[in-house]
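Q: Quick one: structure below, then a few questions.
Each reported figure results from applying straightforward, stated rules to the coordinates on display, with no laboratory input. Everything numeric in this text was worked out from a predicted model, so none of it was measured. Cβ placement follows ideal geometry from the backbone for every residue including glycine, while neighbour counts extend to all protein chains displayed.
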Amino acid sequence: MFVIRDQRSFLLSFAQSCGAWCVLTPERRTHPIRILIADDEANIRRILETRLRLAGFEVAAAVNGMQALELFRSFEPDALVLDVMMPELDGFAVTERIRAQSEVPIILLTSLGDVGDRLTGLKLGADDYILKPFSPKELELRIRCVLRRSSPSLLSGKQTNNGADRKPASSHWLIVGNFRVDLTRRKAYRGDERIRLTGMEFSLLELLINRAGEPVSRLDILEQVWGYKPTSSNDSRVVDVHISRLRAKVEEDVEVPELILTTRGKGYMFRRCSQEEISLKI
């Protein structure tokens, strides 16, 4: 266990990064939060555009994967909603190309019944997926959830007039050996090298760190990070895939993880650390 000297400031910072402020406030930016949707079915595009615009988002729509990549560069969205089965370039390929250059949140829409097909998108870097047919309201809630995890500044309104994040007055650091996490700025490092984490990956890491030494179940992780209860056993696989991706980024040896441990029959746990191993800087 470790001691946090400035507990109030730490909890306030942690609550903010974990999504305690759940209401999106696009009006505090110079432009609304931008959502890029890509689906080759005109009816679905029309329904989603209408719903998301009524919710206050700025929306751009693509009819295929190639157009989605073009709009990604010009529209600069805050999140993407991609159909898996699209002409020219499918949602898997678009996800892979975007993830190679950006950590922007990605939600996949899929009618594929095979669990392996759904997990493919997660392994390529998608943050979440929704099965067709789906409720537009459910999609809106999922979008808000991934935005809450990826960009707390969008939710808290802590941005300057030109859209740039204000620099926090202080940072809260968790340091274990040469692995460092800036909990305020939501950044992780191995030595001096920045580890690129998506918003969902960081929120998952943050949850485990906050409960270091305590097993966290897959159900609890789904509710705390993704914001919903699983409707089937397959939903918990979302957690397994993200844990695998997170380990690949933060562990020195993925085959012998030292930070994120599996507790058989219980879930996952960030290793219990001694006072000497962990220090918190303000």
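Q: Toward the positive end of the charge dipole of the stretch 26-155, about the Cα centre and with charges on Cβ (Lys, Arg +1; Asp, Glu -1), which of HIS31, LEU71, LEU122 goes farthest?
A: Checking the options against the dipole of the stretch 26-155, the answer is HIS31.
Q: Taking 23 Å as the cut-off for C-alpha to C-alpha distance, list the pairs among LYS137/LYS229; LYS137/LYS249; LYS187/LYS249; LYS187/LYS266 that go past it.
A: Listed pairs above 23 Å: LYS137/LYS249; LYS187/LYS266.
Q: For the stretch 26-155, with only Lys/Arg (+1) and Asp/Glu (-1) charged at the beta-carbon, what is the dipole magnitude about the Cα centre, in debye rounded to 20?
A: It comes to approximately 520 debye.
Q: How much of the pair distance distribution for the stretch 26-155 lies past 21 Å, counting alpha-carbon pairs only, in percent? Can you show the working numbers first?
A: Values: 2698 of 8385 pairs.
Every Cα pair in the stretch 26-155 considered, those over 21 Å come to 32 percent.
Q: What ranking do 92-98, 239-245 get when scored by the average of other Cβ atoms within 10 Å per residue, highest first? The partial results should precede the final answer.
A: On the way: 92-98: 21.4, 239-245: 18.7.
By packing density, highest mean first, the sequence is 92-98, 239-245.
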